[in-house]
Ligand SMILES: [Zn+2]
């Protein structure tokens, strides 16, 4: 079980969190033309990298904040966690 | 009954407390402090069970978790447990054990014939033997295997015991309480670290309980006792025996089970049987010691043949002689200590040593006290069916592939030692890539992956001096990184016997070309010949050899066999062991009872139960409850002998004719505040929310980004920047996460806050033509007319001493209101409505009537909003705004979503107006078509329409738009029904929606 440092609550066990996927995916702006390909990429396509991955986690059984985690998918090492407005 | 093999005094057992137990119907005695294994051996019982494949008689080979054979079916009080290891069960009153894997009895076992037919049971026999003829499988092979083989029997009753879970954090977790473990715990604890010390056995001390050593000026066992009491007195130390750390997971999370109850003769009520500890440690010191390896020789599996160190443990800890006429067979010096210990108790042994000589101190000591030693000797064969009675021994030839001469000597036991295997499982689980150390023929930890440090013999330090120094130093260094106290204690001087190096020869030749079995894995009956066969047949990877031969795959996980198997494969392939590599060490290290893993989450505690504040009233009024997510909701209120259908019909009819009341507390409620709230809702919902007036509710539909309908509900504008959202009961938590995601991740610039208020409000739906009159009675001052309180209106009204939120919204399709008060007033509100409603014939209605009402009205719910339907499918396309963008809108022009014959919701009525259509039925054009019969869609919900008094269902079918009036068939293969049906409008009752607006 991973130990994840919520930027607001500190170190907590993984069972307090929900995984939210790739944090680098950006939703296309509202009210703009979006090509089929761009929309498909946003809705369906995700990278599955071996190594460092910037991802979203939700402290669902805690402060209910979404935040970013830089995690190595091969070793499970968590390099850094940060608030949404921050970048690694 | 006398304990013939118990010595007169000595051992750590309590001889004042005699305890009896029953093994295979016969009564035996032991003492408090015994394990079942030591008590059986004290009575001279070696034959415990039969081996898995050949049903050969097998006995105890070790004294701890590494034992491969001592598996029994355990009975105590009303419970039974299979595959229990006799070496791990402590003796208490009332134990009954039975051999498993034998039929009809351990002494006469029909399956024993497999032993004589063993040419038919080679490696991979599962894959070869039972393949043909195919028809034999069900009637011959499988029943035979199930009856004659197979391990113990699991109980079919619920587990009566209680199991608990505990979370703990510490600076340093020390696993194993041998010399290095205690040393490191002491030095870390004295340096101020928070330490947990865990020992799997019932006594602390590990090898110090059996080795003749001194530490400081104390004997080893005295040093253990003093150190443990010192540790116990320290507030920063948790010290646990009977506690097996069995898994090393990510981020230094280790899992341990503690045996709390089974060893107690009179446990307090509510004592948990076991406790599962989740330990998050900053540093882990693995001092798990090492396990002695057996030597491999012909017929090396007979009862009475055990590990030399285990024989010494039985003698020193339990005062039991596993044999009175033992042969000691070794390729190293450590077994000499066993011979010396037995000699001290008047038992003469013969030592057979595969080496040509040894000048280690312990060997000289053995010689000096007159123990007979035969160097350069091996065991060529053994005899004795249910217990070993003799060994055929001989001097090894120069090339060690045969014997110069053979003689047979009598014995009642053989104690073997093939050197030591460090217990590196936890380090390997942590991710440590092991390295091979060719001097000792062992895998040792290499680079740490996490915060694990391996010390003592688990790390290849086989002398006490090294182990102690390692323990004290690592304990200090690691603790000081955390505490920075700098309090170091000095390493005490120790004295131990002198041991030399081992012989790399461990697999004895078989004399005279005989096909005797030489076992490597005792529990799974894997012999040298099986491994040879696997390699001959082309299996190269050690992982494949393992699976083909089942080497190391039994419940003991090959603790005594893996390394011997590896060495054998590398010898056969003329490779060195590191090239062959090792199989993966996976948790759990030892078997864990399922109950321990589950803990308290069983039965009604399997998950939380949520009850509305009106729950007690429902109970008093004969509600029959149904699970709705975590909530318990009244399904119907039973009157007399009513069935579910009768009650639902009565309750629904009363709503249509008079007025009903339904507890809707479980509906999700989300409070939304902030100056951008309206803009946010306008993006979340498919329909417009920007211009919703204050004091008005609006029905809304929300989509996922892939265009599927996510949830629906009403949202009310309480004030300019304040909204009250309702969700379905099932999706309440998901909708909140969804809103938080968009506010925090996608549009953080919006000034909006959301919070769940589901539990803050108790809710009652008041529905039916007489609901307005009832509302008027409840709020006499208020204008409740259609003009004064129109459909989708909202009022905040004074109710008794609190405030009620009243909405004019309807799920039943009738004129209806929903009233919310703060939860604490819920029951008061309910009682008031019931008492004021009496004059109008009010009746409570449950979820079954609620379903009936919504189905015949054609309102969609969870069975239609199932994550696979878009707005069009549910006839909600009118809710899709053309003027604005919203979540999921861009997906709606996908080709499949815009096809002409897209699925759509319809109503379904059986032609005979009598036969109810099972939910989940398929709709087909031709009931008699051959498979696969093209399916038009499925029935999502069914009810008995109270308006028309006949069955009515909703279905989602292909080209539903153009199917009205068509005659189809509803087919339910599960219920074995074919029902002719007609497709009608989904809105079976009041299609214009006049009633809700009346
Ligand atoms: Zn948090």
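Just so you know, all these numbers are worked out from the coordinates, no wet-lab data involved. The structure presented is a predicted model; accordingly, all values stated were derived computationally and were not measured. When we count neighbours, we look across all protein chains shown, and the Cβ atoms used for this are built from the backbone with ideal geometry, even at glycine.
Figures for the structure shown
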{"quantity": "Distance histogram for region B:605-703 (every C-alpha pair counted, 5 angstrom bins, percent rounded to whole numbers)", "calculated": "2, 10, 15, 15, 12, 12, 14, 11, 6, 2, 1, 0"}
{"quantity": "Viscosity 1.306 mPa s, temperature 10 °C, Stokes-Einstein D of region B:1-51 from Kirkwood C-alpha radius, µm²/s", "calculated": "140 µm²/s"}
{"quantity": "Sequence ranges B:10-17, B:380-387, B:598-605, B:202-209, ranked by mean other-Cβ count within 10 angstrom, highest first", "calculated": "B:202-209, B:380-387, B:10-17, B:598-605"}
{"quantity": "Span from the region B:955-993 Cα centroid across to the region B:389-429 one, whole angstrom", "calculated": "78 Å"}
{"quantity": "Region B:519-593 versus region B:165-211: alpha-carbon centroid distance in Å", "calculated": "32 Å"}
{"quantity": "Virtual spin-label span in nm between residue B:900 and residue B:268, 7 Å along Cα→Cβ", "calculated": "7.8 nm"}
{"quantity": "Cα-based shape type of region B:869-996, given that a ≥ b ≥ c are square roots of the gyration tensor eigenvalues and the cut on a/c is 1.5", "calculated": "oblate"}
{"quantity": "DSSP bridge pairs, chain B: antiparallel proportion in percent, nearest 5", "calculated": "75 percent"}
{"quantity": "DSSP-defined antiparallel bridges as percent of all bridges, region B:306-438, nearest 5", "calculated": "45 percent"}
{"quantity": "Percent of beta bridges antiparallel (DSSP, the protein assembly as shown, rounded to nearest 5)", "calculated": "80 percent"}
{"quantity": "Peptide B:244-253, shielding by other chains (average Cβ, 10 Å cutoff)", "calculated": "3"}
{"quantity": "Proxy reagent accessibility, fewest Cβ within 10 Å first, across B:665, B:757", "calculated": "B:757, B:665"}
{"quantity": "Inter-chain Cβ neighbour average for residues B:736-748, partner chain, 10 Å", "calculated": "4"}
{"quantity": "Reciprocal of mean inverse Cα separation for region B:796-878 (Kirkwood radius, Å)", "calculated": "15.3 Å"}
{"quantity": "Full-extension gain in nm, residue B:950 to residue B:601, via 0.36 nm per residue minus C-alpha separation", "calculated": "121.3 nm"}
{"quantity": "Mean-position separation - Cα centroids, region A:34-88 and region B:1-70, in angstrom", "calculated": "57 Å"}
{"quantity": "Proxy reagent accessibility, fewest Cβ within 10 Å first, across B:55, B:722, A:59", "calculated": "B:722, A:59, B:55"}
{"quantity": "CD proxy at 222 nm, helix term only [per DSSP H run n ≥ 4: -39500 (n - 2.57); per residue of chain B; nearest 500]", "calculated": "-6000 deg cm²/dmol"}
{"quantity": "Cα-derived Rg over Rh, computed across region B:562-664 with Rh taken as Kirkwood radius", "calculated": "1.53"}
{"quantity": "Difference of contour (0.36 nm per residue) and Cα-Cα distance, residue B:877 to residue B:594", "calculated": "96.9 nm"}
{"quantity": "Degrees between helix B:220-232 axis and first principal axis of chain B (Cα, 0 to 90, nearest 10)", "calculated": "20 degrees"}
{"quantity": "Pairwise label distance in nanometres, residue B:533 with residue B:7, each label 7 Å out on the Cα-Cβ vector", "calculated": "4.4 nm"}
{"quantity": "Using alpha-carbon coordinates, inclination of helix B:335-344 to the longest axis of chain B, degrees", "calculated": "70 degrees"}
{"quantity": "Relative intensity, log₁₀ I(q)/I(0), of region B:712-866 from a Debye sum that treats every alpha carbon as a point, q = 0.10 Å⁻¹", "calculated": "-0.41"}
{"quantity": "Dimensionless Rg/Rh of region B:313-365 - Kirkwood Rh, Rg from C-alpha atoms", "calculated": "0.97"}
{"quantity": "Contour minus Cα-Cα distance for residue B:721 and residue B:465 (0.36 nm per residue)", "calculated": "84.7 nm"}
{"quantity": "Averaged over A:23-34, number of beta-carbon atoms from partner chains that fall within 10 Å", "calculated": "3"}
{"quantity": "Neighbour-count ranking [beta-carbon atoms within 10 angstrom, fewest first] of A:76, B:502, B:859", "calculated": "A:76, B:859, B:502"}
{"quantity": "Acute angle (nearest 10 degrees) that the helix B:464-483 long axis makes with the longest principal axis of chain B, alpha-carbon atoms", "calculated": "30 degrees"}
{"quantity": "Two-decimal ratio, region B:431-474, of alpha-carbon radius of gyration to 2.2 N^0.38 Å", "calculated": "1.17"}
{"quantity": "For the protein assembly as shown, the Rg and Dmax computed from alpha carbons only, in angstrom", "calculated": "37.3, 116"}
{"quantity": "222 nm mean residue ellipticity, helices alone, for chain A (DSSP H n ≥ 4; -39,500 (n - 2.57); rounded to 500)", "calculated": "-2500 deg cm²/dmol"}
{"quantity": "Whether region B:167-295 is rounded, prolate or oblate, judged on the alpha carbon gyration tensor where a/c under 1.5 counts as rounded", "calculated": "rounded"}
{"quantity": "Cα-based Rg / Dmax (Å) for chain B", "calculated": "37.9, 116"}
